[in-house]
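Asks: Quick one: this structure, given as structure tokens, is what I'll be asking you about.
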């Protein structure tokens, strides 16, 4: 089950859930009957009561042995808990499981406080979901539970099996079961999106072609959730999946949501050559961006030939010490300009830069440097985030240790909090060592004003290269 990213009535531009669909495909491959309910779709045109009734109707229709709910961000947990509670009320003998990046950090607290939830999956969940289904069917524990799962024993004792291994054979996993969903439910009004060729971009389908992250950024929990070892589909397998979606479902716009899509240059260029060879005529969005290094420059030409129209680079900050020694990004200052220049050779590409403000080490000097760099870079938009200490990260532990949180934090209740989100630009979660929040807010406003200037320049650039009808606002659709 896929949940809205925010309030159930206001989630815009939602996409198909590839992670859930991957688990569905894995279960189906093993003979299970699977259904996928997306509350983003179910909620369309309904109030909360009507959505709850529609979900109840779907439960009565399917009568599942097991209800699985994806919880990727903190704000989704209250909905997940509500869904599990409702599932138990409608079908008392059903079992419930939650998984995703957020709940992977709090398995014990969730099982201790939420009797409506039977299992918590930590990290990737194909094998774990299958074990849960088998338990739901037989009411007997397997001889050996897979790691990366938390459950209650018959006497109520909670067992948490930490994640110690990850699926090495990503290329052997079945493609996500996209056919379980109605593609038309995921069409949106994209008239304000970057669209240099004025193509039909109303259906933007997400794909994930690799897992794991070898990087050790101090603010990110991807490696902890999905493993440090980089594991990827082969180039041909990726393009076969793209061609299936293109030929069978008419998909032309693909968003690649890998944490590190460009980790393997040979794989990426091979994929691009295969797309070009097959003359698929598709469009590619890289919302998680390209690396800032020489490898990115080597890939640009091939990506553009394959259909790249939008990407970003994660600059994070103008301060080299914070970026490289604190965040551990290992990005050289001159490489930033080199990658931007390589991308700027192609006017059809919309380029965003990611900046983060409010790190504990930020000062007025570091923020001034960020403002100067953001202004100097020839990009179309700025994606600004507030430094957010997500549980499970080094940044979180630093904020606990040094008492940097703006509000009181109770670890045992973090599983059901909705107070942290990097996208909420009106809220600061930590106080830098040498910077007051009022000054931090002033720099936030400066960067947001700078963003509007860049968007205006972007419109003019689109007018120059593609005509007035093409000069549209670049949207935050990542």
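Asks: Looking at region 129-148, which of the residues that are touching a residue at least 40 places away in the same chain (Cβ under 8 Å) and touching a strand residue (DSSP E or B) at 6+ places or on another chain (Cβ under 9 Å) is surrounded by the fewest Cβ atoms within 10 Å (Cβ to Cβ)?
Replies: In this case the residue turns out to be 137.
Asks: Among the residues that make up region 433-441, is at least one of them outside any loop (DSSP other than H, G, I, E, B), buried (at least 17 other Cβ atoms within 10 Å of the Cβ) and modelled with pLDDT of 95 or more?
Replies: The initial filter retains those residues of region 433-441 that are outside any loop (DSSP other than H, G, I, E, B), namely 437-441.
Then keep just the ones that are buried (at least 17 other Cβ atoms within 10 Å of the Cβ); that gives 440.
This time we only want the ones that are modelled with pLDDT of 95 or more, so: 440.
Yes, that holds for at least one residue.
Asks: So, one more: What number of residues within region 193-226 are touching a strand residue (DSSP E or B) at 6+ places or on another chain (Cβ under 7 Å), within 18 Å of residue 164 (Cβ to Cβ) and assigned to a loop (DSSP other than H, G, I, E, B)?
Replies: Total satisfying the criteria: 1.
Quick grid of which residues meet (1) in contact (Cβ under 8 Å) with a residue 40 or more places away in the chain; (2) buried (at least 18 other Cβ atoms within 10 Å of the Cβ); (3) under 25 Å from the mean Cα position of the chain (by Cα):
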residue: 308; (1), (2), (3): yes, yes, yes
residue: 328; (1), (2), (3): yes, no, yes
residue: 336; (1), (2), (3): yes, yes, yes
residue: 345; (1), (2), (3): yes, no, no
residue: 364; (1), (2), (3): yes, no, no
residue: 374; (1), (2), (3): yes, yes, yes
residue: 380; (1), (2), (3): yes, yes, yes
residue: 397; (1), (2), (3): no, no, yes
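Asks: Continuing with this model, one more query. Which of (1) part of a helix (DSSP H, G or I); (2) modelled with pLDDT under 95 does residue 428 not meet, given it meets every other one?
Replies: So the condition that residue 428 fails would be (1).
Asks: It is to be established whether one or more residues within region 76-93 are over 30 Å from residue 53 (Cα atoms) and not in a strand (DSSP E or B).
Replies: No, every residue in region 76-93 fails to be over 30 Å from residue 53 (Cα atoms) and not in a strand (DSSP E or B).
Asks: Give the number of residues within region 198-221 that are touching a residue at least 60 places away in the same chain (Cβ under 8 Å) and out of contact with any helix residue (DSSP H, G or I) (no Cβ under 8 Å at 6 or more places or on another chain).
Replies: Looking only at that region, the number is 4.
Asks: If a residue has to be closer than 20 Å to residue 18 by Cβ and part of a loop (DSSP other than H, G, I, E, B) to count, how many in region 114-151 make the cut?
Replies: 5
Asks: If residue 97 satisfies every condition in (1) assigned to a helix (DSSP H, G or I); (2) in contact with a helix residue (DSSP H, G or I) (Cβ under 8 Å, 6 or more places away or on another chain); (3) crowded, with 23+ Cβ neighbours inside 10 Å but one, which is the exception?
Replies: Against the list (1) assigned to a helix (DSSP H, G or I); (2) in contact with a helix residue (DSSP H, G or I) (Cβ under 8 Å, 6 or more places away or on another chain); (3) crowded, with 23+ Cβ neighbours inside 10 Å, residue 97 comes up short only on (1).
Asks: I'm trying to understand the selection: among the residues of region 227-236, which are part of a helix (DSSP H, G or I) and either surrounded by 16 or more Cβ atoms within 10 Å (Cβ to Cβ) or at pLDDT below 90 (or both)?
Replies: The one that is part of a helix (DSSP H, G or I) and either surrounded by 16 or more Cβ atoms within 10 Å (Cβ to Cβ) or at pLDDT below 90 (or both): 235.
Asks: Still on this structure, I have one more. So which residues in region 263-279 are under 26 Å from residue 247 (Cβ atoms) and in a helix (DSSP H, G or I)?
Replies: 267, 268, 269, 270, 271, 272, 273, 274, 275, 276, 277
Asks: Mind listing whichever residues of region 40-75 are touching a strand residue (DSSP E or B) at 6+ places or on another chain (Cβ under 8 Å), under 30 Å from residue 222 (Cβ atoms) and not in a helix (DSSP H, G or I)?
Replies: 66, 67, 68, 69, 70, 71
Asks: Just for region 149-173: of the residues that are out of contact with any strand residue (DSSP E or B) (no Cβ under 8 Å at 6 or more places or on another chain) and surrounded by 14 or more Cβ atoms within 10 Å (Cβ to Cβ), which one is nearest to residue 460 (Cα to Cα)?
Replies: That would be 173.
Asks: Only one of 258, 189, 247 is within 22 Å of residue 289 (Cβ to Cβ) and out of contact with any helix residue (DSSP H, G or I) (no Cβ under 7 Å at 6 or more places or on another chain); which?
Replies: Values: 189 fails: within 22 Å of residue 289 (Cβ to Cβ); 247 fails: within 22 Å of residue 289 (Cβ to Cβ).
Testing whether each residue is within 22 Å of residue 289 (Cβ to Cβ) and out of contact with any helix residue (DSSP H, G or I) (no Cβ under 7 Å at 6 or more places or on another chain) leaves just 258.
The values are calculated or read from the model by the stated rules, or taken from the named source; none is laboratory data. On a predicted model such as this, the values are computed, not experimentally measured, just so you know. Neighbour counts are summed over all protein chains in view; Cβ atoms, including those assigned to glycine, are modelled from backbone coordinates with ideal geometry.
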